[in-house]
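Enquirer: Input: one structure, supplied below.
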């Protein structure tokens with residue numbers, strides 16, 4: 001039986017070590033076990049399996065159509081290598097069937113019987129289910145990022161996309177930020193017409209049209225306010241605003257014919273950093289925050305807005321003081337943190353050492369193959385090889401070099417200053433309460449979400465959690481004096 005092999009790896013999978021070399025080896029071993037002769041391998045690099053619009057897959061379909069009489073089987077490593085879409089998988093299976101070609105998986109057993117076809121369809125359905133779950137996770141992650149004040153899309157003019165100190169997407173003002181600031185100033189303070197503003201901005205060096213100027217003046221991101229179709233209400237951005245909220249809302253008022261523009265309540269309120277983070281222990285709804293007017297002054301409270309809920313409002317000072325105290329209790333002993341950091345450094349050195357040896361070997365193998373290719377070129381010049389032989393020899397070597405380079409890329413380790421990184425983590429863990437107190441509201445929210453990803457509960461002076469960051473779990477288990485950790489409040493699941 002004659003067979004062709006189709007293997008695929010997406011960019012992300014390639015980075016995660018899902019090797020094309022491994023897939024090809026497994027498929028060829030399958031062919032050999034089943035007395036199949038492999039005529040050709042179609043290798044897809046960095047392409048998604050959501051649709052059939054992939055160059056190597058298209059070449060495969062052309063090839064089997066032109067050579068259908070000489071091909072019996074198409075082999076894939078797994079059915080999801082062919083497609084993660086049930087409809088596309090069915091279509092491809094129908095094409096193979098009409099050409100008299102069977103589809104085989106090197107790792108999943110199914111045949112051309114009714115049961116075999118059902119199995120293949122189930123495997124394809126599972127692949128699509130997995131793909132759909134990933135899409136849902138992506139959407140959920142995007143919404144959570146927007147809620148926490150991070151912008152996950154392409155930066156508007158005046159900003160550039162950049163990662164913050166936590167490696168999360170953020171925006172940073174660029175050289176055009178001054179022009180954006182001037183656009184709002186010309187509109188608000190100098191009362192210039194839009195045509196005149198465009199002329200001034202172009203003279204200043206910013207290429208802008210009437211349509212793009214309208215987008216600028218209506219874009220709340222410049223005021224550090226995130227509005228998005230995924231959000232029910234705006235959220236306060238963590239990145240630096242270019243104009244103030246007052247300037248932005250004044251612009252909106254003028255654009256709306258001097259109508260009063262109601263300033264929306266922002267999700268991140270500097271007066272209430274624990275708002276939307278602490279949950280009600282009765283109804284599991286996040287607490288909100290607000291001010292209550294007394295006889296002589298205003299008082300700040302956190303409260304549950306669920307109608308009929310028996311949860312009582314808590315003074316801002318009480319809840320935040322309890323949270324700071326809890327952070328202090330959560331903090332491991334200094335010697336435990338130091339010992340753990342040394343362990344991480346040691347493991348890192350071992351990992352780098354192993355990777356370095358493997359990378360050196362692969363680099364040497366690539367260098368030898370390149371030298372071999374050069375020697376073949378010299379033989380052509382000397383007349384020992386003809387052009388056809390040269391082409392075949394070089395093609396084979398280039399293929400080996402390509403495989404080696406892919407393997408080399410899979411072993412790449414981004415080497416940062418590990419000592420600086422670990423020292424910062426050491427400082428962060430030992431000073432979590434102090435850092436929370438000193439930080440602005442944006443960083444406070446990030447701290448809270450990193451340490452308590454599921455939020456916290458508060459009742460009768462006691463904090464409860466469902467989940468804490470893995471690092472604190474690990475350090476808690478490593479704590480020499482276990483009894484001190486047992487005494488900590490809030491490490492029970494719920495009230």
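The values are calculated or read from the model by the stated rules, or taken from the named source; none is laboratory data. Here the structure is a predicted model, which means the values were calculated and not measured. Positions of Cβ are backbone-derived with ideal geometry, glycine not excepted, and every protein chain shown enters the neighbour counts.
Enquirer: Could you tell me whether any residue of region 88-101 is over 23 Å from residue 20 (Cβ atoms), part of a helix (DSSP H, G or I), assigned by TED's automatic domain parsing to the domain that holds residue 10 and modelled with pLDDT under 70?
Expert: yes
Enquirer: Please enumerate the residues belonging to region 433-451 that are in contact (Cβ under 8 Å) with a residue 24 or more places away in the chain and not in a helix (DSSP H, G or I).
Expert: 440 - this is the single residue of region 433-451 that is in contact (Cβ under 8 Å) with a residue 24 or more places away in the chain and not in a helix (DSSP H, G or I).
Enquirer: State which residue is farthest from residue 447 (Cα to Cα) when the search covers only region 148-169 and only residues that are modelled with pLDDT of 85 or more and in contact with a strand residue (DSSP E or B) (Cβ under 8 Å, 6 or more places away or on another chain).
Expert: By that ranking, first place goes to 158.
Enquirer: Here's a follow-up. Suppose we filter region 147-167 for residues that are surrounded by 14 or more Cβ atoms within 10 Å (Cβ to Cβ) and either assigned to a loop (DSSP other than H, G, I, E, B) or on the phi > 0 side of the Ramachandran plot (or both); how many remain?
Expert: The qualifying residues number 10.
Enquirer: Write out, first by first residue and then by second, each pair whose Cβ atoms fall under 9 Å of each other, whose residues are 6+ apart or on separate chains, and whose first residue, in region 312-327, is farther than 13 Å from residue 437 by Cβ while the second is at pLDDT 90 or above and part of a helix (DSSP H, G or I).
Expert: 314/322
Enquirer: Can you tell me which of (1) more than 28 Å from the chain's Cα centre (by Cα); (2) under 30 Å from residue 446 (Cα atoms); (3) at pLDDT 90 or above is the one residue 179 doesn't meet?
Expert: Of everything listed in (1) more than 28 Å from the chain's Cα centre (by Cα); (2) under 30 Å from residue 446 (Cα atoms); (3) at pLDDT 90 or above, residue 179 misses just condition (2).
Enquirer: I'd like the full set of residues that are under 14 Å from residue 146 (Cα atoms), in contact with a helix residue (DSSP H, G or I) (Cβ under 9 Å, 6 or more places away or on another chain) and free of Cβ contacts under 8 Å to residues at least 40 places away in the same chain, limited to region 198-230.
Expert: Passing the criteria: 220, 224, 227.
Enquirer: Here's a check for you: in region 169-184, which residue that is without any contact (Cβ under 8 Å) to a residue 60 or more places away in the chain and out of contact with any helix residue (DSSP H, G or I) (no Cβ under 6 Å at 6 or more places or on another chain) is surrounded by the most Cβ atoms within 10 Å (Cβ to Cβ)?
Expert: 176
Enquirer: Right, here's the next one. Select, from 233, 328, 320, the only residue that is out of contact with any helix residue (DSSP H, G or I) (no Cβ under 8 Å at 6 or more places or on another chain) and either part of a loop (DSSP other than H, G, I, E, B) or surrounded by fewer than 19 Cβ atoms within 10 Å (Cβ to Cβ) (or both).
Expert: Result of the check over 233, 328, 320: 233.
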